[in-house]
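To start, the structure under review is shown below, and the notes come after it.
Rule-based calculations on the coordinates, nothing more; no lab input. All values derive from a computational prediction rather than experimental measurement. Quick reminder, even Gly has a Cβ in these numbers, built from the backbone with ideal geometry, and neighbours come from all protein chains shown.
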Amino acid sequence: MKTLKKLTAALTALILLFSVAACNNDKTDQTTTQATTKAQKTVINVAGLKGPTGMGLVQLMDADAAGTTANDYNFTIEGAPTDILPLITTGAVDIAASPVNFASTMYNKTNGEVQILCINTLGVLYLLEQGDSISSIADLKGKTIYSSGQGSSPEYILTFILTANGIDPEKDVTVEYKAEHSELAAIASTDKEGIYILPEPFVSTVTSKNPKLKNILNLTTEWEKACEISGTPSTLAMGCLVVRTKFAQENPEAVNDFLKEYKKSVDFVNDKASNAGELIAKYEIIPSAQLAQKAIPTSNITFIAGREMKDITMQNLSVLFKANPKSIGGAEPKDDFYFGA
């Protein structure tokens, strides 16, 4: 009987030993699986821009900081579109924010080394006046208009709108350009008589400082009217995200995961302006949370990908090419410019 008890005890101890070993193996396997999953995350370097084209990124930036994203992101925020081209050509970034026309310019300059992923910003330009002399584009004839963005989207868009409405930009109006949006905004904040064209978030900045300055005309609406007059219906698209073509070819699943996460981020910004404003200020895309919150509704932050993105982009680039081929890099991009379309 004692022998049987000793044998039973020995067997029990042996079973417990194997159980502990099995549990340890399970934990080791689980840890290894978790480490492998983490290691398999694709690292994507993303460059945003200050202003509306970067605002849609903020929820994704916050999710990445919390470690809850499908990819492993490294974010930088740049001050000007011209900062993006060298980052793309050197491979320092994989995905970047850009004006739509500048994305085409990059495509042409790099012989197709970039693709457009999605449209992320529609029109953000507005005409402001403290008085009441302007109620339509026709009223601009004979006026002096102060603007910024010479040689870029604001100039080309204004020229197209004026021309479509029968106003010669060279003879019928005087357009005085300032070097920076911030310089023009500072003047508009205190001036009582000028007519100004500014993008968001500068519109929100100057109307906060000078409540008498009114948002008279939405140039997105005026663009659409001008396109109808010209026989080329089009929605104004000003901002987008681009990807290095080679990176997209080598990492299609990671890029598609990014698009899903980016769309979620855009929806968050549009649906929860107060929370988004805090994040926009946190990541220094706009300096003030209050200003960011005010600017969100008129910044037209969006997510348009695939065939619709291609159609809208082609319409915009066609209009700009006819107005000034240099505005899009000298040629309209080929089909390989459009990711997923």
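Fully extending the segment from Lys322 to Glu308, taken as 0.36 nm per residue of separation minus the present Cα-Cα distance, adds 2.9 nm.
When Asp336, Asp62, Asp132, Asp72 are arranged by Cβ crowding within 10 Å, least crowded first, meaning fewest neighbours, the order is Asp132, Asp336, Asp72, Asp62. For Ala331 and Glu183, the difference between the fully extended length at 0.36 nm per residue and the C-alpha to C-alpha distance is 50.1 nm.
Segment 113-134 and segment 168-230 have Cα centres separated by 11 Å.
Counting neighbouring Cβ atoms within 10 Å and putting the fewest first, the residues Leu217, Leu291 line up as Leu291, Leu217.
Working note: Karplus 6.51/-1.76/1.60 with θ = phi - 60° gives segment 284-291 the couplings 6, 7, 9, x, 10, 5, 5, 5 Hz, where Gly and Pro are set to x. In summary, the aspartates and glutamates within cross-link reach of Lys109, defined as a Cα separation below 15 angstrom excluding same-chain residues under 8 places away, comprise Asp83, Glu332, Asp336.
Across segment 125-230, C-alpha contacts under 8 Å between residues 6 or more apart give a mean separation that, scaled by the residue count, equals a relative contact order of 44 percent.
Remark: spin-label model distance Glu228-Asn210 equals 3.2 nm, labels positioned 7 Å along the Cα→Cβ axis.
With a Cα cut-off of under 27 Å and a minimum spacing of 8 residues unless on different chains, the lysine pairs in segment 125-230 number 25.
Mean separation of Cα pairs under 8 Å and 6 or more residues apart, divided by the residue count, gives segment 200-341 a relative contact order of 24 percent. Subtracting the Cα-Cα distance of Thr68 and Lys141 from their residue separation scaled by 0.36 nm leaves 20.9 nm. Would you kindly give the portion of the calculated P(r) for segment 156-219 that falls above 19 Å, as a percent of all Cα pairs? In whole percent, the share of Cα-Cα pairs in segment 156-219 beyond 19 Å is 36. Cβ crowding within 10 Å, taken as a proxy for footprinting-reagent exposure, orders Cys227, Cys118 from fewest neighbours to most as Cys227, Cys118.
Global size of the chain: 26.8, 116 Å for Rg and Dmax (C-alpha atoms, Rg to one decimal, Dmax whole).
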